[in-house]
Amino acid sequence: MARGRSKQVLFMKLKQQKWKEAAIRLLPLWTLIFAILLPVLDVAAYWQEVLEYKSALTTLLRLAMLGGTAMLGFWLSDRKRYYWMLAAVLGGFGVLRSLALMQADYHFAGEDLRNLLFLFMLPVYTLSFCTFLRKNPRVQKALFQGFGVDFFLVTGVMLLSWATGTDPYTYTNKQLGIRGWFLQGNAPSAILSMLVPMAVGWALRRWPDKTLPVVTVTVIGEAALYFMATRLSSASILGVGFGIGLSLLLLVARKNRRQGLSILAVTMAWAMLLTHSPMAENQQSVDQAFSKNQEQFNLYAMMGYHGLTPERRDERLAMAYNLYVPGLISTFGPERTMEIYDRTTDTNVICSRRTMRLNFCRLLQEDSPESAKWFGMDITRMKVEGVDLNWATGNREYMTTSFDPENDFHAVYYLYGMVGLFLVLAFFAYFAGRGLWAMCRDFKTHFTPEFAAVACACCTDLAHCIFTSSTLRRLNTEAYLAMVLALLWWLSRKELSPKRMKIPTPQ
């Protein structure tokens, strides 16, 4: 009886091992499909909104992709302790934050819980792709291929939307920039800024001895960044072009130097056009709007200013502030609002939405328990209902205004406190430190064209994290970032040999 049971257990183990081996062989295909689905789902989400089709289908598909990727990584991993450690850290933080919210008489609401889960997905995605790379090194090639396909899909959609007259524009109210069939926000800019260097890296890997294909990909990519027309996409032209171009010049091979000089020449050509770009035109429009706002502000606050009593001056100043930041005035009162702005009369500061949101969160944190500084505040507290200035139309309307910070790292601090910010920064610091240490340890081995492309993609997305809210709480953007970070981890591993381009077959 015991012998029969042991045979059955052995048979089950052998069967499970066969299934694992089959799954490992299919990992490159799954990775490629996963990458290609990302822009397809983005386009589907856009048309779903345009056609007013009420469905959470695209979000559910993304969550299914996450769940499938995480379970597959956990099942195949020989080092499951890392998954358990990550679950313990994320779960522990979730419990502590929940207790902090309860102290402020708040509980996890649907939107707040969704934001937290979306933030958790970045390390889960990254760990899973690291497992895929460890189990089957051919995943590296599949990732580069996936980024190459995504690059042509995204740029093709941008071109098609422009050609058919259905492009929604990057700045809809000014009809500037080409966004393609992607939802409004900074996410398309962040995604494209990662795709361009990765596509150049894919071209360098695909045609290591040729310059024309690499230059073609660079021209298309930097053109897409140029016409996307955000300040960060325009800055990415310089970051990607000079970053990869100069990196290639540092390499010994003559072919890399030809490629590097070509990339630099293309980048300098686009850089000279930036002063006449849609981005520059948008900035001129913004400056003109600020100038008009300053005139209106002065009309309310400064007329006869020197002949007024201090109390009357404050009343006039509060009336002027109420033109542009009524949400802060109605929530915290005129005195605290003017204090947080240091009573400035510069409308470049007062009319800045980024500054407005940060000032709101600072004041909200002051009114919260001490635990809010460590574990953050509920996102629903950052929404104010009432008459406010609609920045899209320039009219005052009854509306719900969100003061959720525009900058990713600021948002992490105010939503998840110093502990949450420390965990996010430690996560990024691990990959950055690993890459830098790999170059210091063995520069010739690790500093390759692919490594330079991956590092460039990390830097451009980090810039978006610092200056906009486009990555850390968005399912589509963080999926791209997770793949980039996994590649950085793989290319900087200790056991990397000089023959790394020759990919071994998994056992």
Taking a crude spin-label model, label points 7 Å out from Cα along the C-beta direction, the ARG396 to PHE422 distance in nm is 4.5
Could you please rank LEU436, LEU485, LEU358, placing first whichever residue has the fewest other Cβ atoms within 10 Å of its Cβ?
LEU436, LEU358, LEU485
Which of the pairs LYS18/LYS444; LYS292/LYS373; LYS80/LYS373; LYS80/LYS141 have their Cα atoms more than 31 Å apart in this structure?
LYS18/LYS444; LYS292/LYS373; LYS80/LYS373
Principal-axis tilt of helix 110-135 within the chain, Cα atoms, nearest 10 degrees:
30
Rg (Å, one decimal) plus Dmax (Å, integer) for the alpha carbons of segment 281-404?
15.4, 48
Counting Lys and Arg as +1 and Asp and Glu as -1, what is the net charge of the other residues whose Cβ lies under 13 Å from the Cβ of TYR171?
+1
Is any residue of segment 129-151 close enough, with backbone N under 19 Å, to a label point placed 7 angstrom from the Cα of TRP84 along the Cα-Cβ axis, and if so, which?
131
Gain in span if fully extended, LEU246 to THR275, counting 0.36 nm per residue against the direct Cα distance
8.1 nm
Spin-label pair GLU385/ASN348, simplified geometry with 7 Å Cα→Cβ offset, distance in nm
3.8
Pull out a ≥ b ≥ c, the square roots of the eigenvalues of the alpha-carbon gyration tensor of segment 96-187, then state rounded if a/c is under 1.5, prolate if not and a/b is larger than b/c, and oblate in the remaining case.
oblate
Quick one: net charge around GLU339, please, counting Lys, Arg +1 and Asp, Glu -1 for every other residue with C-beta under 12 Å from its C-beta.
-1
Qualifying aspartates and glutamates (Cα of each under 17 Å from Cα of LYS494; at least 8 residues distant if same chain)
ASP442, GLU450
Can you classify segment 129-278 as rounded, prolate or oblate using the Cα gyration tensor, where a ≥ b ≥ c are the square roots of its eigenvalues, rounded means a/c under 1.5, and otherwise it's prolate if a/b beats b/c and oblate if not?
oblate
Go ahead and run the numbers for FRET between GLU315 and TRP374, Cβ-Cβ distance against an R0 of 45 Å, rounding to 0.05.
0.70
Under a plain spin-label model, where a point goes 7 Å from the Cα along Cα-to-Cβ, how far apart in nm are GLU21 and LYS494?
3.0
Calculated FRET efficiency, ASN173 and CYS440, Cβ-Cβ r, R0 41 Å, to nearest 0.05?
0.25
Additional length obtainable on full extension of the chain from GLN284 to LEU57, 0.36 nm per residue less Cα span
77.7 nm
Rounded, prolate or oblate: which one fits segment 144-219, using the alpha carbon gyration tensor with axes a ≥ b ≥ c (rounded when a/c is under 1.5, else prolate when a/b beats b/c, else oblate)?
prolate
Can you give the FRET efficiency to the nearest 0.05 for SER291 and THR164, using r as the Cβ-Cβ distance and R₀ = 35 Å?
0.45
For every other residue with a beta carbon closer than 14 angstrom to the beta carbon of SER236, add +1 if it is Lys or Arg and -1 if Asp or Glu, then tell me the sum.
-1
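Every number in this text was worked out from the coordinates using simple rules, so none of it is lab data. Not measured: the values here are computed from a predicted model. Note that we place each Cβ from the backbone using ideal geometry, even for glycine, and neighbour counts take in every protein chain shown.
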